[in-house]
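Encoded as structure tokens, the structure appears first; notes follow it.
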Amino acid sequence: MTDQTTRATAADPAESAGARSAGGPVPRGAVSQALTDGWVVAQRNLIKIKRVPEVLVFVLISPIMFVLLFAYVFGAAIDVPGDIDYKEFLIGGIFAQTVVFGATFTGAGLAEDMQKGIIDRFRSLPMSRAAVLVGRTTSDVVYNVLSLVIMALTGLLVGWRVREGFIDMMAGFLLLLLFAYAISWVMAFIGLLVPSVEVINNASFIVIMPLTFVSNAFVPQESFDGFLRTIVDWNPVSTLTQACRELFGNIGPGLPDQSAWPMQHPVIYSLGWIVLILAVFVPLSVRQYGRATSK
């Protein structure tokens, strides 16, 4: 009987966390318990990499395809003002696009768990209500880290270079991960609203595609005119891209001066969006988690 109980508990780290919380000391404070239980849920999500390695393969292949496609297929047709190669101009935009698209794994994962009834099992355990969301968003940071590493290596192979110091480079990658983490909470909220994985994929596509393509990720914002240029200048994906280019040293001489405040202060503007998104969607997601799983 003891062996069977041990195997059943070890089968799911989240259930193990619930068992420890029920039979052992509970961490003091709601935040502490959410982080402790959330880390166990994150481990449960990361185990899927071993069980379904195909998911990781496609996650890593996608950014490589984007880099090669835009660098060698579309790059020759796009003029970049200033003395800078298009490949160096491009990589910051590919970074921004990939981490935003990578955030959709949060919504898809939650929608799948909702469909299979796993969320209801989590709710039956004595664990923090926020743990499932914290664990889901935290585990997806790992996917984004792997994607950034693969993209950086691919970028180096096609001619991209970091022309600033190590601290600025790490600040650029950290900003990308923070922005991706914030967007993952938006996707978590949507994932708890929709009934299936197919719906979250379509819904996220509708939201993310305009954000990434109506931006300076692939073409200079000078290519846009009128009201569309204003949208591009204030688009958080544009400022995230601009911040990465500045931190990586991929801003060439001879570029026109930026007239919009967000493009003049892209790091501050991006950090503001990160704080705003987390402040709004963390409590909304936790509340929706309680509502969605109580049906």
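The values are calculated or read from the model by the stated rules, or taken from the named source; none is laboratory data. For clarity, every value in this text was computed on a predicted model and none was experimentally measured. Using ideal geometry, Cβ is built from the backbone for each residue, glycine included, and neighbour counts are taken over all protein chains shown. Remember, those area values only see protein heavy atoms, side chains included, never the ligands or the DNA or RNA. Shrake-Rupley method; radii C 1.70, N 1.55, O 1.52, S 1.80 Å.
First compute the accessible area of the range 170-295 with a 1.4 Å probe, then give the percent of it belonging to carbon and sulfur atoms.
Within the range 170-295, the accessible surface is 71 percent carbon and sulfur.
Going by Cα centres, the range 71-118 and the range 125-169 are how many Å apart? Comparing the Cα centres of the range 71-118 and the range 125-169, I get a distance of 13 Å. Highest average first, the peptides 91-97, 40-46 ordered by how many other beta carbon atoms sit within 10 Å of their residues are 91-97, 40-46.
Under the classification rounded if a/c is under 1.5, otherwise prolate if a/b is larger than b/c and oblate if not, where does the range 220-268 fall, given a ≥ b ≥ c as square roots of the Cα gyration tensor eigenvalues? Taking the square roots of the gyration eigenvalues as a ≥ b ≥ c, the range 220-268 is oblate. Ranked by the mean number of other Cβ atoms within 10 Å of their residues, highest first, the peptides 216-223, 117-124 come out as 216-223, 117-124. Ordering of 270-282, 162-174, 131-143 by packing is 131-143, 270-282, 162-174, highest average first (other Cβ atoms within 10 Å, averaged per residue). Ligands, DNA and RNA are left out, and with a 1.4 angstrom probe the accessible area of the range 61-112 is 37 Å² per residue.
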